[in-house]
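The values are calculated or read from the model by the stated rules, or taken from the named source; none is laboratory data. Note that the structure is predicted; figures quoted are calculated from it, not measured. Every residue, glycine as well, gets a Cβ built from its backbone with ideal geometry; the counts of neighbours run over all protein chains shown. Remember, those area values only see protein heavy atoms, side chains included, never the ligands or the DNA or RNA. Shrake-Rupley method; radii C 1.70, N 1.55, O 1.52, S 1.80 Å.
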Amino acid sequence: PDAKGHYQLDSLPAGRYMIQLNHQVLDSLELALPAEEVFVVAGKTLEVPFNLPSGGDLREAVCRGLTVRRGTGAVFGRVVDADDEHPLANADVAISWTELAFDRKTLRANAEQHDAQVRTGPRGEYRICNIPTGSWVLIQLQYAGRSGNAVRVSVSGDEAVIVRNLSMSVADAP
């Protein structure tokens, strides 16, 4: 597509086609839009519009089965062994962020620290939902008594979901 999202396919023979929009964000979330059946008629122009899901819809898909609070986002990804890229099942992904709240009466700021941890699934997958959008959060991989570097990420309110894959070399792990 061009910068405005328009696309054009020229010189297709008349007939039945299946057309599908693919996008790297959808691929990274392991989501796919359904294919659409179209019929091309000789000498005619056919318009097939596509829309990417909104950030909120993507967040709902990633956080399926969970109650998602307004103004929050999600981080989703996979954890792999850095040496051979095999998934690390049962690894811990820790997340931490600070929220500032202001007392309207005293005009004092109150910093509230939040910490959470999730365990990766059998394919090394993890998801962390209900993290604040527009704030920096720290994510750290913990596996076999070792900790990886803390990674700083932010989820915007528009995208609502980011993909952050993590890796650690486990060859020397106990």
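Quick notes on this structure:
- Exactly one residue out of Thr98, Thr120, Thr133 is open to solvent by less than 80 Å² (accessible area, probe 1.4 Å), more than 24 Å from Leu33 (Cα to Cα) and more than 20 Å from the chain's Cα centre (by Cα): that is Thr98.
- Filter pass, Ala111 being under 21 Å from Arg164 (Cβ atoms) and out of contact with any Lys or Arg (no Cβ under 7 Å at 6 or more places or on another chain): no
- Scope the stretch 26-38; condition open to solvent by 60 Å² or more (accessible area, probe 1.4 Å), in a loop (DSSP other than H, G, I, E, B) and closer than 19 Å to Ala160 by Cα; matching residues: Glu30, Ala32
- Of Glu47, Glu60, all but one fail to be under 24 Å from His23 (Cβ atoms), crowded, with 16+ Cβ neighbours inside 10 Å and not hydroxyl-bearing (Ser, Thr, Tyr); the exception is Glu60.
- When His23 is tested against (1) within 30 Å of Gln117 (Cβ to Cβ); (2) open to solvent by 60 Å² or more (accessible area, probe 1.4 Å); (3) modelled with pLDDT under 80, only condition (1) is not met.
- Test result for Pro53, surrounded by 13 or more Cβ atoms within 10 Å (Cβ to Cβ), modelled with pLDDT of 90 or more and either more than 14 Å from the chain's Cα centre (by Cα) or not hydrophobic (A, V, I, L, M, F, W, C) (or both): no
- The stretch 71-92 residues that are over 10 Å from Thr120 (Cβ atoms), paired with ones that are open to solvent by 20 Å² or more (accessible area, probe 1.4 Å) and of a type in the set (Lys, Arg) (beta carbon under 9 Å, 6 or more apart): Thr72/Arg59; Gly73/Arg59; Ala74/Arg59; Ala74/Arg127; Val75/Arg127; Val75/Arg164; Phe76/Arg127; Phe76/Arg164
- The listed residue being under 22 Å from Leu31 (Cα atoms), open to solvent by 80 Å² or more (accessible area, probe 1.4 Å), modelled with pLDDT under 90 and basic (Lys, Arg), out of Arg104, Arg164: Arg164
- Taken over the stretch 76-121, residues that are of a type in the set (A, V, I, L, M) and not in a loop (DSSP other than H, G, I, E, B) amount to 11.
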